[in-house]
1. Just tell me which aspartates and glutamates come within less than 18 Å, Cα to Cα, of residue 66; anything on the same chain fewer than 8 places away is out.
2. 222 nm [θ] for the chain, helices only, -39500 (n - 2.57) per DSSP H run of 4+, per residue, to 500?
3. Could you tell me how far the Cα centroid of region 246-265 sits from the Cα centroid of region 93-145, in Å?
4. Rank the residues 182, 102, 219, 85 as a footprinting-exposure proxy: fewest other Cβ atoms within 10 Å of their Cβ go first.
5. For region 88-223, just say rounded, prolate or oblate: build the C-alpha gyration tensor, square-root its eigenvalues into a ≥ b ≥ c, call rounded for a/c under 1.5, and beyond that prolate if a/b exceeds b/c, oblate if not.
6. Of all DSSP beta bridges in region 123-270, what percent run antiparallel (nearest 5)?
7. Just to be sure I follow the rule: in region 111-260, considering lysines 8 or more places apart or on different chains, how many pairs have Cα atoms under 16 Å apart?
8. Each label point is 7 Å from the Cα along the Cα-to-Cβ direction; what then is the distance between the points at residue 303 and residue 388, in nm?
Amino acid sequence: MRYLRARRREGFISVIAWFSLLGIALGVATLIIVMSVMNGFRQELLSRILGLNGHVTVHGYEEGLKDYATLADVVRVVSGVERVTPMIEGQVMASGKGGNATGAMVRGITPEDLRKKTLVAEAIEGGNLENFGKKDTVIVGYRLARKLGLRIGDKITLISPNGRVTAFGTVPRMKGYTIAATFNVGMHEYDSSFIYLPMKAAQTYFRMPNKVSFLEVMTDHPDTARDRAYQIFKVIGTKGSVSDWQQNNSSFFNALQVERNVMFLILTLIIIVAAFNIISSLIMLVKDKGQDIAILRTMGATRGMILRIFFLSGASVGIIGTIGGTLLGLAFSLNIESIRQGIQSLTGTDLFAAEIYFLSQLPAVVNPTEVLTVILMGLGISLLATIYPSWRAARLDPVEALRYE
């Protein structure tokens, strides 16, 4: 402790030690914050993507699935399958007031199945889900409704390029629907482009009588989706093609994992740079304390005692820095959304635009295993940095040191 509180003559060494401590603390804190945010991103995106798209999908080889009710009953008996939802899907142009128009994804689903989709059913922002299913009604994302200047009860016009074929060419199919409710699932892509249409109305609009686009299958757990997909494929045979969510979103989640690994590597370098500061400060301290070491050795101090003095001096910097960085990182991660809101109110800027980052809130999920890994890594690098300077101090020849002085 006395060596860490350097006197005026050794003030520069003390400054380097403090910079080392701050470097390790910031490195550990940043690493914990970034890992937590990346975990939060993955969990939030996964929950929303799977909440709206299911774990496994069964498509037909031709346009649409015929006799889908029988096929759904076959899939339901597969072990681990919890829910099977027939759905129709198609892209349209949605038009609102004032000529506003934008592309949208329409999904046809029965009112009963929509109520079972808790991510949507529990995210109704305006209107009433009970009105869904009445004649010519739809449910739209709240961002889409706002973009088109529409409210509950207004008409939204859907325009499909797959219309009637006439002697003068294909005439786009247009139909108006009343907005029964709006939803806000917290993911920009879905809130700004998804429209839910009752099944019978969707079959009529997309000209798919007695057919659906695919079967959406929810399993007992997302991680078992690949095994369940294989079991479903064995049961249905050539009646349809089967894919799981990992296949459908592989590029997206692989990109997230690569980014996460690269960020971990880059931020680890901050801790390593701080560890080099520990080495330089201890080497300078050993050189400055050469006469003190020599006097201690002539008084009977062993090399082990000298090594321990400088080892503890350097290790204390790493330990204090790691503990401080861990506390700072955890406090920041657990309150990151409140901190973001506070900074936004002070600066008047949008730090987390939903259009860019997909989500409307900044997520963070603290993984205890990862935090422990970061702590051990910070302590390990700090302790390794003290070994060489401490060994050099222990190997100092007292005769040479006193003669030099």
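Only the coordinates and a few stated rules stand behind these numbers; no lab work does. The structure presented is a predicted model; accordingly, all values stated were derived computationally and were not measured. Neighbour counts are summed over all protein chains in view; Cβ atoms, including those assigned to glycine, are modelled from backbone coordinates with ideal geometry.
1. The qualifying aspartates and glutamates are 89, 216.
2. -18000 deg cm²/dmol
3. One Cα centre to the other: 31 Å.
4. Listing 182, 102, 219, 85 from fewest to most nearby Cβ atoms yields 102, 85, 182, 219.
5. The shape class here is oblate.
6. 70
7. 11
8. So the label points at residue 303 and residue 388 sit 1.9 nm apart.
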